[in-house]
Protein chains: 2
Amino acid sequence: MANAIDFYFDFSSPYGYLASAKIDELAAKHARTVAWRPILLGAVFKITGQQPLPTIPMKGSYAKHDLARSARLFGVPFKLPSKFPVGATAPSRAFYWILDRDPGLARKAAQALYHAYFADDRDISNPEITANVCAKLGVDRAELTQALNDPAAKERLKSEVDAAIERGVFGSPYVVIDGEPFWGADRLDQIDKWLATGGW
Amino acid sequence: MANAIDFYFDFSSPYGYLASAKIDELAAKHARTVAWRPILLGAVFKITGQQPLPTIPMKGSYAKHDLARSARLFGVPFKLPSKFPVGATAPSRAFYWILDRDPGLARKAAQALYHAYFADDRDISNPEITANVCAKLGVDRAELTQALNDPAAKERLKSEVDAAIERGVFGSPYVVIDGEPFWGADRLDQIDKWLATGGW
């Protein structure tokens, strides 16, 4: 059986959100599965010295325009959140906590969290809102809320972020196929071709 | 007659080089012409606080890999130059000096300069080498060499760079179609679609 594709993303990354809407279907087309792996870009930027996109002069305003245009092209509902970017600790910890209990549900939770933030303008950096979104999918709200403050959930996320950085993940979305890295929602066409051909 | 497409690029930008190999054909497909506009990213980075790609931790190594892979996909000869990045003052001044005398020749000179740097590993930041490349196309070598140190050529380039920054150009390649901006060689597909449809 072929390796899963690794899909790294930050819950506060709009290009990660765009890619998240396409990656499963793209992988399935080539009989692959996808391992969703939320990370925290804040930790990465400490190493690379990069800044969040919207804060960069000129590039920030372009990005807002490009995002809206790309979302329309992707056919994905998108509205730049009122509070953007935000820290993605709560949704990321929630994701791994659910993943360790029900992988299929974790995928659905990731999609619901991304949608809540980038389509419905709900601030998922707030643990209460993250818990509400997950509870709606059947996750036990009380258990999850408690888990979000648990040192184990903190450690779980930290080890995932550290492993991603160790692997060279510096942005979102970042996809790895059999060791080959692809950065950006604008690499989906190359990913498609790579999966079809095995590389060039 | 439809407006020309503005194609901004830095002679030291490999993604600019990749786009340069496609942009004329792409525009012609939609009955458009292209105004080639070399700029100096160094001047832009002073405003945006960005760093040259290869110097950014993690992102720099990825970019080298992505460039080689994208060049193969584009079918464009590419070798990361021994000295990279370099200041693009000489080739840019040469371009505008030729442009003001023979626009068609300026285009050919730009293509030859890009090819010299990214396919043949010749350091076009050296005015001697820039002059050699242009002389081979029939440009008067002595006149051009003198012009490269002329305050008029310096001022000509500076006003182009200032105008580009004023317009929001923060990277290379950067294409503007009837006011609509597109950044990156990976936006060629969107450019194609925009030219075909008039926008979405």
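Computed from the coordinates by the stated procedures, all read-outs in this text should not be read as laboratory data. Fair warning: this is a prediction, and the values are worked out from it, not measured in the lab. Glycine gets a Cβ as well: all are built from the backbone with ideal geometry, and neighbour counts include every protein chain shown.
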Calculated from DSSP helices alone, with each H run of at least 4 adding -39500 (n - 2.57) and the total divided by the residues of chain A, [θ]222 nm to the nearest 500 comes to -16500 deg cm²/dmol
The ratio Rg/Rh over the Cα atoms of region B:1-62, Rh being the Kirkwood inverse mean 1/r radius, stands at 1.09
Expressed in µm² per second, the diffusion coefficient of region B:47-158 from the Stokes-Einstein equation, with Rh the Kirkwood radius over alpha carbon pairs, at 37 °C and 0.692 mPa s, is 216 µm²/s
In whole percent, the Cα-Cα distances of the protein assembly as shown spread across 10 Å bins from 0 upward as 5, 21, 29, 23, 13, 7, 2, 0
Honestly region B:5-197 on the Cα gyration tensor test (a ≥ b ≥ c root eigenvalues; a/c under 1.5 rounded, otherwise a/b vs b/c for prolate or oblate) is just rounded
Straight-line reach check, B:Lys193, cutoff 25 Å on alpha carbons, 8 or more apart in-chain or any other chain, hits among lysines -> A:Lys22, A:Lys29, A:Lys59, A:Lys64, A:Lys79, A:Lys193, B:Lys22, B:Lys29
Net charge (Lys, Arg +1; Asp, Glu -1) of residues whose beta-carbon lies under 12 Å from that of A:Gly16, A:Gly16 excluded, is +1
Out of B:Thr145, B:Thr48, B:Thr33, a Gaussian network model of chain B with alpha-carbon springs under 10 Å gives the largest mean-square fluctuation to B:Thr48
Of all DSSP beta bridges having both residues in the protein assembly as shown, the percent classed as antiparallel (nearest 5) is 60 percent
Once the dipole of chain B is set up from charges on Cβ (+1 Lys and Arg, -1 Asp and Glu), the residue from the list B:His65, B:Gln111, B:Ala153 lying farthest towards its positive end is B:His65
